[in-house]
């Protein structure tokens, strides 16, 4: 594999992206696979796949990107294929990266299929050879694809130190995290991206997600970043920002996992006594704050319910430690304080913090 302009031993990289898949195969087997698709599901006179699902696999569904070569039009994702058009002819292709650079392309209108496997990644060879072969088989004057890629590579290598220098200058020197490292520990979840875990190890934060892991370095303020890794799969220099609530508690992390959209936000999963059924049972009782009383009860599923005077019932969702967020009120939470009897119910609200004392229960 290549890292910038340095050659490194190849990696065996497992696929951990939920929406992705792969197969281990040979160029000979890919030739059989291309014949099946070019014949719209027929192979050596035997119908293995009807034409309708075969067309569904190729149909453009999601916009991918604008092409970097003027000969190509916009690219879209299909199901396992990418579709793109060159000289009014639709191509379908798929590529692989990791320990090997590979590319398979079919041009159904001309009955062409090209598969290129290499032992280097990233590699421009599969794309260069594919485009050159299709140009020749179609009788077109070949574009100098190799020279184009060579020029792009030189430009990319020249840009790398400039980018690194700009990144270093953007850092705010002399800042410190707002919390002790232990305050950042926890599991953070996003419904689409899964669980990201932060732990402290040997006096530093350690990040893990989908089988990857790395030490986090403090960049500035509440932002940490991953190191640059040459020899393993890692989102190099990924910036991870910790977000707090009004009380200064770390409740979320965000990271630019998708460069064309806003940062992806992961919510901190509940930990501590609030997750314990025995502790929740001790919270049950009546509390009073000046002239208002608040009844805390358990529902049939063992979850806490808050019933203030002259207000609807609110669900208390475990947060951290002895804190619960009020599900129906954004930015509102409560905390139980005390020893065996939990004498106080603390309300954390956007307009202030209020204390209710236990009077019954």
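Selection of first residues in the stretch 166-192 that are assigned by TED's automatic domain parsing to the domain that holds residue 209 and on the phi > 0 side of the Ramachandran plot and of second residues that are in a loop (DSSP other than H, G, I, E, B) and modelled with pLDDT of 95 or more, restricted to Cβ pairs under 7 Å at least 6 apart or on distinct chains, gives the following pairs, ordered by first then second residue: 186/269.
Every condition in (1) modelled with pLDDT under 95; (2) in contact with a helix residue (DSSP H, G or I) (Cβ under 9 Å, 6 or more places away or on another chain) holds for residue 236 except the one numbered (2).
Filter the stretch 199-209 for residues that are surrounded by 15 or more Cβ atoms within 10 Å (Cβ to Cβ) and closer than 20 Å to residue 258 by Cα and give the result. Hits for the stretch 199-209 are 207, 209. Residues considered: 263, 309, 292, 301. Of these, the only one that is over 18 Å from residue 182 (Cα atoms) and in contact (Cβ under 8 Å) with a residue 24 or more places away in the chain is 292. Exactly one residue among 147, 127 is under 19 Å from residue 107 (Cβ atoms) and part of a helix (DSSP H, G or I), and that residue is 127.
When you check residue 90 against the structure, is it in a strand (DSSP E or B) and at pLDDT 80 or above, yes or no? No; evaluated as a whole, the condition is false for this residue. In the stretch 109-123 there is at least one residue that is in contact (Cβ under 8 Å) with a residue 24 or more places away in the chain, surrounded by fewer than 18 Cβ atoms within 10 Å (Cβ to Cβ), outside the structural domain of residue 260 (by TED's automatic domain parsing) and in a helix (DSSP H, G or I). If you go through the stretch 153-195 and keep only what is in a helix (DSSP H, G or I), under 28 Å from the mean Cα position of the chain (by Cα) and more than 17 Å from residue 220 (Cα to Cα), you end up with 153, 156, 157, 159, 160, 161, 162, 163, 182. Of the residues making up the stretch 69-85, those that are free of Cβ contacts under 8 Å to residues at least 60 places away in the same chain, assigned to a loop (DSSP other than H, G, I, E, B) and in contact with a helix residue (DSSP H, G or I) (Cβ under 8 Å, 6 or more places away or on another chain) are 78, 79, 80, 81.
The values are calculated or read from the model by the stated rules, or taken from the named source; none is laboratory data. All values reported here derive from a predicted model rather than from experimental measurement. So basically every Cβ, Gly included, is an ideal-geometry build from the backbone, and we count neighbours across all protein chains shown.
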